[in-house]
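Let me begin by presenting the structure, written as structure tokens, before commenting on it.
The values are calculated or read from the model by the stated rules, or taken from the named source; none is laboratory data. This is a predicted model, so every value here is computed, not measured. We place every Cβ from the backbone using ideal geometry, glycine too, and count neighbours over all the protein chains shown.
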Amino acid sequence: MPNVHEMVKKHLEENGYDGLYSAGNCACKIDDLFPCGQTDKDCEAGYLQPCDGSCDMGKCDWHIGNEKK
């Protein structure tokens, strides 16, 4: 029987998502799900996006969000 990590990854892959995000909190790519060891109750499936410089953490390489860009 698959575990939660495997089920979430399968769902993301089958539906064309790039990872998970919790708006304003965190994001993880599909190849590195749950790096903090847990999910947030607000996690949503999303798409990889380039950083637009508007994040609180400064310039980063990517974000995950609800729109495919």
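Say we look at the range 15-39 and pick out the residues that are more than 19 Å from Lys69 (Cα to Cα) and over 11 Å from the mean Cα position of the chain (by Cα); which of these is modelled with the lowest pLDDT? By that ranking, first place goes to Gln38. Note on the chain: enclosed strands (runs of 3 or more DSSP E) holding 2 or more residues that are of a type outside the set (A, V, I, L, M) and touching a residue at least 40 places away in the same chain (Cβ under 8 Å) are 19-22, 62-65. Scan the range 25-43 for residues that are of a type in the set (D, E, K, R) and touching a helix residue (DSSP H, G or I) at 6+ places or on another chain (Cβ under 7 Å) and jot them down. Once the filter is applied, which keeps residues that are of a type in the set (D, E, K, R) and touching a helix residue (DSSP H, G or I) at 6+ places or on another chain (Cβ under 7 Å), the range 25-43 yields nothing. The residue that is surrounded by the fewest Cβ atoms within 10 Å (Cβ to Cβ), among those in the range 1-51 that are of a type in the set (Phe, Trp, Tyr) and under 16 Å from Trp62 (Cβ atoms), is Tyr47.
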